[in-house]
1. Which of GLY112, PHE92, ILE29 sits farthest toward the positive end of the charge dipole of segment 8-156, with +1 on the Cβ of Lys and Arg and -1 on the Cβ of Asp and Glu?
2. Using just the helices of the chain, give the 222 nm mean residue ellipticity in deg cm²/dmol: DSSP H runs with n ≥ 4 each add -39,500 (n - 2.57), and the total is spread over all residues, rounded to 500.
3. In square angstrom, what is the accessible area per residue of segment 76-212 with a 1.4 angstrom probe?
4. Can you order the peptides 284-293, 437-446 by their average number of other Cβ atoms within 10 Å per residue, highest first?
5. Can you classify segment 12-60 as rounded, prolate or oblate using the Cα gyration tensor, where a ≥ b ≥ c are the square roots of its eigenvalues, rounded means a/c under 1.5, and otherwise it's prolate if a/b beats b/c and oblate if not?
6. Express in nm, to one decimal, how much length is gained between ASN69 and PHE431 on full extension, taking 0.36 nm for each residue of separation and deducting their alpha carbon distance.
7. For the chain, build the charge dipole from Cβ charges (+1 Lys, Arg; -1 Asp, Glu) around the Cα centre, then report which of ILE238, ILE275, THR377 sits farthest towards its positive end.
8. Indicate the helices, whole DSSP H runs only, in the chain that combine a mean Kyte-Doolittle hydropathy of 1.0 or more with a Cα extent along their long axis of 27 angstrom or more.
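The values are calculated or read from the model by the stated rules, or taken from the named source; none is laboratory data. The structure displayed is predicted, hence computed values, not measured ones. Here the Cβ positions follow ideal geometry from the backbone for every residue, glycine too, while neighbour counts run over all protein chains shown. Surface areas here come from the heavy atoms of the whole protein model, side chains and all, with no ligands, DNA or RNA. Shrake-Rupley method; radii C 1.70, N 1.55, O 1.52, S 1.80 Å.
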Amino acid sequence: MGERIHDAAFWRTTAALCLVLATSSFMNISAFPLFDHVFTYARDISVLANAACLVVVALVASFRSSLLNSHIVNIAALVILVFGSTGIAVSFATQSSWLLVLSSCLVAAARGWVSVVVGVSLLRFPISDIAQSVTLAFLGNCAFAYAAWLLPSSVGLLAFFVAPLAALLLARGVAKPVLAEVAASDSPADIAITQPSSFLALGSQLFVCLFLFRVGFSLRFGEVDGAPLADFFSIVPIGFLALYTVASSGKFVKGDLLAQVSVLFVLAGFFTTTISAPWAYAASASLLSCGNALFDVVGWVVLAAVGARNTRASVATIAWGRGVSALGSIAGAAIGVWANAASLTHPVAVQLATGTLVLGFAAYALIGLKNFSFIDTINGVTEVVDAQSTSIEEASRATLEQACSTIADRASLTPREREVFEMLARGRDSFYIQEQLTVSRNTVKAHVKHIYAKLDIHTHQDLLDIVESEMAS
């Protein structure tokens, strides 16, 4: 194992991630069944609130990152977790449905922020340590999940309240430098106008993949009294993965391969539901859980790796990734609940629906992701190039203009594209270009796209390299 694995920050981050994962386990196993005694739909509303919080954080981090004062938001999250948890406990005692909905939504929103802080804290480490931290956290969560099944529901509920609080306290110090950098820099969406590859677009196939896969992995068949069926087998693949990652000093199994293995688990889970046997639903739950756990490991590692490539966009990347994953879980759970209810009255319809899901899931995995790669997605994200740090900025105006003119002639740039190209070569940002040319943000974005296409480049650093090469020739 690497030296950093003995670092206190590493273990704090690993423990924090383990607690974030455990919160979901205690929520599904211990807390949600208690919700049903007061107001069944409070669980669904709260899960939606968690996803909504993540989406809002992602949008703010993408377009108005200066608003993310981590100190203020952390304090607000801690206060909300305390008062929200108290409100949930009171709602159980008073049977107040409105108080349960309000309190659970507040807790869910705060939990969303906690997961972002924990995800950001992973960026402080190299990719080998990120892989070790994530796999060890998932292994620890298996133990918490077992405890949730064995402990009284009251103890599980208390753990559900305490776990996110402890996670935030553990991770906030580790994540603080990255969160401060995000708040102090220009918004990723603005930086991406002149440096497109520095920011993973919100419509990226990575996020589509996270959503669709979580729909399949989150299906729940055969629930009893609002609680998912007990699963004691997901520790097997997670245990092997953790042992391999730690024993190889952080060498992580390729994300693409691991995602393919998780697809096999979910397809097997779908197939098992068609078997007329008393053990079918339990086996299906175990297979889907194994697939879900493996893919969730991939999701956390990939999002952290993408965020580490450009820390200024890390909050947006992690929040959006976790947000679309949460939305996928909601959709999958809803389909599973429908299937459970419909199986009693329309078994044939359920079998047809399950077959359609299997076909659609397999088609997306085999065809839709044919040209997609997690590794390529990570490597495709580039660091932001600060204008004033480049050698081109120090070059004489005449030399730079001549180099830009030669390149523009060679690439057949239009007069307006020439102007934008020279400003990009000088490291000017989108705001400067908009003001100088009196054009809109979208117009600048279109010009940059055309310039990159004509020069056959993908990053701002590529552009600088071309100009520097021309100046040196």
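1. GLY112
2. Rounded to the nearest 500, the figure is -24500 deg cm²/dmol.
3. 35 Å²
4. Highest mean packing first, the order is 284-293, 437-446.
5. Taking the square roots of the gyration eigenvalues as a ≥ b ≥ c, segment 12-60 is oblate.
6. 128.0 nm
7. Ranked along the dipole, the leading option is ILE275.
8. 42-63, 70-94, 97-121, 127-150, 153-184, 280-309, 314-342
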